[in-house]
Amino acid sequence: MLGTQHGYYPDDAKLAWQADALVDFIESFVIKMSPDQRLKNLNDETLKVYCECWQKIVNKLAEVL
């Protein structure tokens, strides 16, 4: 809604779908990383998962952009 109101959301239906799909992709990793971040439970294992998730997000963003 805010993206639409402020001109950051595409008018083209296909581009809007791609933007939504990208947000959904990223959200799946944020949900996976969030519990450890909130609980400050960053040990070697959770830090590895955190870094792997961010690498997947960055790779996807590079692919899309």
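Just so it is clear, none of the values below were taken in a lab; they were calculated from the coordinates. Keep in mind that this is a model prediction, so the values were computed, not measured. Counting neighbours? That spans all protein chains shown, and the Cβs are built from the backbone with ideal geometry, glycine included.
Could you give the dipole magnitude of the chain about its Cα centre, charging the beta-carbon of Lys and Arg +1 and that of Asp and Glu -1, in debye to the nearest 20?
180
Kindly provide the trypsin sites (Lys or Arg not before Pro) of the chain that DSSP labels as loop, not H, G, I, E or B, and whose Cβ sees at most 14 other Cβ atoms within 10 Å. Present the calculation step by step, with values, prior to reporting the outcome.
Working: sites: LYS14, LYS32, ARG38, LYS40, LYS48, LYS56, LYS60; in loops: LYS40.
The qualifying sites are LYS40.
For the chain, with the dipole built from +1 on Lys and Arg beta-carbon atoms and -1 on Asp and Glu ones, taken about the Cα centre, which of ALA16, GLY3, ILE26 lies farthest toward the positive end? Checked the options; the winner is ILE26. A value for Cα extents along the principal axes in Å was derived from the coordinates, and within the list [x] 43, 24, 14; [y] 41, 19, 18; [z] 56, 23, 14 it appears as [x].
For LYS32, a cut-off of 15 angstrom between C-alpha atoms picks up these aspartates and glutamates, skipping any fewer than 8 places away in its own chain: ASP24, GLU45, GLU52. The long axis of helix 44-64 is offset from the longest Cα principal axis of the chain by roughly 20 degrees. Between helix 13-38 and the chain there is an angle of about 20 degrees, using the helix long axis and the longest principal axis of the Cα atoms.
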